[in-house]
Amino acid sequence: MALSESWQVLLQQIKETNAIQWLAVGLGIAEVWLAKSNKIWLYPTGIAATLISIYILTIAGLYAECLLNGYYVIMSIYGWWYWVKKKNLPSVKVSYCSREEWLIVLSIVFIGFLLLFLSLRYFTNSTVPVWDAWVSATAWAGMWLLAKRKIENWILLNISNLFAIPLLFYKRLPLFAALTLFLFIVAIMGYYEWKRIIRKEKNFLP
């Protein structure tokens, strides 16, 4: 497909985008900026965005991503509670993965991918079981690393984002694809910021 044709397809998809998708993406962008500003309102905003996204992704037939977003809701509720009740506790320091943690990451990716693929292939009407399963399995691994404050979380999340962008375009969800591209850029920035933090902490070690 020529570049001009691709651009026309994109514009057509944007024109066909309904209000609920605009709302979900708007809330998603607001959540990122609230998180960047360290504001507690990131949690209710993120929960609202994710619940709407689950509805949209279900209609699009991206069932593994729906499951992934369900996990986002649970973790957002937990994060909200933790922020209010225990916000004065010291945070876990940023660090690199150990060999054992890498083995866990690979297990999450490949076992998660296999289970999701088989579930999508044989128990749903998904038209993209391989793609959907891979995007979600890599994101699961990335979120596990994020919870443990491991810098490699940005790598796993961006592997997921890299495959999610064309998948979302294919499923005619251009605004979601654009939001994922935005998150891809934020993740690159996050990786280098965390690398700077690790380097700074090493310089202050006795």
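The values are calculated or read from the model by the stated rules, or taken from the named source; none is laboratory data. Everything quoted here is computed from the prediction, not taken from an experiment. Quick reminder, even Gly has a Cβ in these numbers, built from the backbone with ideal geometry, and neighbours come from all protein chains shown.
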> Would you say Ser98 is closer than 30 Å to Ile197 by Cβ and within 19 Å of the chain's Cα centre (by Cα)?
Replying inline: no
>> Anything in segment 130-154 that is free of Cβ contacts under 8 Å to residues at least 60 places away in the same chain and more than 14 Å from Ile108 (Cβ to Cβ)? List them, or say none.
In response: Val130, Trp131, Arg149, Ile151, Trp154
> Somewhere in segment 116-133, is a residue touching a helix residue (DSSP H, G or I) at 6+ places or on another chain (Cβ under 8 Å), within 30 Å of Arg199 (Cβ to Cβ) and among the charged types (D, E, K, R)?
Replying inline: no
> Which members of segment 123-143 meet the condition of being exposed (fewer than 15 other Cβ atoms within 10 Å of the Cβ) and either of a type in the set (S, T, N, Q) or at pLDDT 95 or above (or both)?
Replying inline: Thr124, Asn125, Thr127, Val130
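Return yes when Ala177 is assigned to a helix (DSSP H, G or I) and in contact with a Leu (Cβ under 8 Å, 6 or more places away or on another chain) and no when it is not. If you could, list the steps in order and put the result at the bottom.
On the way: assigned to a helix (DSSP H, G or I): yes; in contact with a Leu (Cβ under 8 Å, 6 or more places away or on another chain): yes.
Criteria met by Ala177.
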>> Any residue at all in segment 90-104 that's among the hydroxyl-bearing types (Ser, Thr, Tyr), modelled with pLDDT of 75 or more and within 19 Å of Val186 (Cβ to Cβ)?
In response: no
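From the list Leu157, Leu179, Leu183, Leu175, which residue is within 20 Å of Glu31 (Cα to Cα), of a type outside the set (Ser, Thr, Tyr), free of Cβ contacts under 8 Å to residues at least 40 places away in the same chain and surrounded by 15 or more Cβ atoms within 10 Å (Cβ to Cβ)? Break it down stepwise before answering.
Numbers: Leu179 fails: free of Cβ contacts under 8 Å to residues at least 40 places away in the same chain; Leu183 fails: free of Cβ contacts under 8 Å to residues at least 40 places away in the same chain; Leu175 fails: free of Cβ contacts under 8 Å to residues at least 40 places away in the same chain.
Matching residue, one of Leu157, Leu179, Leu183, Leu175: Leu157.
Where in segment 1-75 are there helices (runs of 4 or more DSSP H), lying fully within it, with 1 or more residues that are at pLDDT 90 or above, hydrophobic (A, V, I, L, M, F, W, C) and closer than 20 Å to Phe163 by Cβ? Please lay out each step first, then the result.
Details: elements: 3-16, 19-36, 42-60.
Passing ranges, in order: 42-60.
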